[in-house]
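Here the structure is laid out as structure tokens; the discussion comes afterwards.
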Amino acid sequence: MSDPKDAHASGGPSQALLYDANVPTPSHAERALTLAASIGTGTLCTLDRRGYPYGSFVTYALHEGTPVFVISEMAEHTRNLRGDARASLLVVEPGDGDPLARARVTLVGPARVIDDSRRAAALASMVAVHPNAARYADFGDFHVWTLSVEAVRYIGGYGRMSWVEAADFTRATPDPLSAHAAGILAHMNADHGTAMVDCCRAFSKATDTTSATMTSVDRYGFELSALTGDGPRPIRLAFPEPLSTPDEVRRALVAMVKQARG
């Protein structure tokens with residue numbers, strides 16, 4: 001759950017954290033898997049006949065923890081894979097602002113055509129994410145491929161990065177709040193700014209917080225940018241238990257705000 005390599009920006013080496021460093025936090029395996037499961041498009045990198053990396057845009061889905069693609073024999077990346085199975089898939093978090101502050105994950109390993117015994121299940125996973133794949137998957141020149149993940153590089157923005165064991169990645173589960181996070185953040189920041197200030201003052205060392213913005217939320221808790229006398233500082237606060245729905249988050253936050261104000 002928590003990850004010792006998760007250096008959520010502390011404001012610099014001379015600034016001590018203003019929150020409990022042991023607060024439950026998603027592991028990098030969980031963060032990487034959540035990102036890969038939520039995007040569905042990425043850059044497939046193969047080796048061309050001259051030995052150079054060749055990047056191409058692809059759609060994919062995760063099936064049993066590994067990416068699957070439906071690609072044509074006429075595609076350059078397929079020709080490359082037929083000659084050398086080594087590949088990687090780069091997936092990047094969308095958004096505005098500084099692009100280097102956004103998360104990305106690179107999955108590395110050999111890519112191969114899925115055998116007939118697994119094809120139907122893998123294709124079902126692909127079609128669930130990309131329904132249009134059903135229209136061309138049975139064309140004679142299209143095959144279902146999978147990338148067998150052997151290494152994972154996760155970068156969550158500045159100061160949050162590591163290599164993730166492939167087994168940890170495939171065993172992880174996507175964060176159940178991922179699809180709802182943007183809505184939760186928008187609501188909290190638009191309507192409950194004072195409540196976030198109260199939580200920072202009550203549950204962290206940022207007792208001089210004058211404003212706060214919720215910057216992320218996951219099953220274990222949420223992160224804020226608190227404006228203090230030393231400038232903006234990161235704060236992470238934990239939920240009482242892992243949560244899985246927006247309604248559970250709402251109830252937990254209401255209880256935390258009541259406690260903070262009590």
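The values are calculated or read from the model by the stated rules, or taken from the named source; none is laboratory data. A quick note: this is a predicted structure, and the numbers were derived from the prediction, not measured. In this analysis, Cβ positions are derived from the backbone assuming ideal geometry, glycine residues included, and neighbour counts consider all displayed protein chains. We work out accessible area using only protein heavy atoms, side chains counted, and drop any ligands, DNA or RNA first. Shrake-Rupley method; radii C 1.70, N 1.55, O 1.52, S 1.80 Å.
One table, with the values for the structure above:
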| quantity | calculated |
| --- | --- |
| Of residues in region 192-240 being open to solvent by 10 Å² or more (accessible area, probe 1.4 Å), in a strand (DSSP E or B) and among the small types (Gly, Ala, Ser), the one farthest from Leu253 (Cα to Cα) | Gly231 |
| Members of region 93-113 found to be over 14 Å from Tyr158 (Cβ atoms) and assigned to a loop (DSSP other than H, G, I, E, B), listed by number | Pro94, Gly95, Asp96 |
| Among (1) touching a strand residue (DSSP E or B) at 6+ places or on another chain (Cβ under 6 Å); (2) of a type outside the set (A, V, I, L, M, F, W, C); (3) in contact (Cβ under 8 Å) with a residue 60 or more places away in the chain - the single one Asp84 does not satisfy | (3) |
| Extreme residue, modelled with the highest pLDDT, among residues of region 16-36 that are open to solvent by 50 Å² or more (accessible area, probe 1.4 Å) and of a type outside the set (Asp, Glu) | Asn22 |
| Residue match in region 67-81 (condition: out of contact with any Phe, Trp or Tyr (no Cβ under 9 Å at 6 or more places or on another chain), among the acidic types (Asp, Glu) and open to solvent by less than 70 Å² (accessible area, probe 1.4 Å)) | no |
| Within region 164-191, tally of residues that are open to solvent by 30 Å² or more (accessible area, probe 1.4 Å) and closer than 23 Å to Val58 by Cβ | 4 |
| Cross-chain or 6+ apart pairs with Cβ under 8 Å, region 126-148 first and outside any loop (DSSP other than H, G, I, E, B) and buried (at least 16 other Cβ atoms within 10 Å of the Cβ), then of a type in the set (Asp, Glu) and modelled with pLDDT of 95 or more | Phe142/Glu73; His143/Glu73 |
| Among the residues listed as Arg153, Arg160, the single one being open to solvent by 60 Å² or more (accessible area, probe 1.4 Å) and either charged (D, E, K, R) or touching a Cys at 6+ places or on another chain (Cβ under 7 Å) (or both) | Arg153 |
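Here is a yes/no grid of residues against (1) at pLDDT 95 or above; (2) in contact with a helix residue (DSSP H, G or I) (Cβ under 9 Å, 6 or more places away or on another chain); (3) farther than 14 Å from Arg31 by Cα:
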residue: Glu76; (1), (2), (3): yes, no, yes
residue: Asp115; (1), (2), (3): no, no, yes
residue: Pro131; (1), (2), (3): yes, no, yes
residue: Val152; (1), (2), (3): yes, yes, no
residue: Gly159; (1), (2), (3): no, no, yes
residue: Glu165; (1), (2), (3): yes, yes, no
residue: Phe169; (1), (2), (3): yes, yes, no
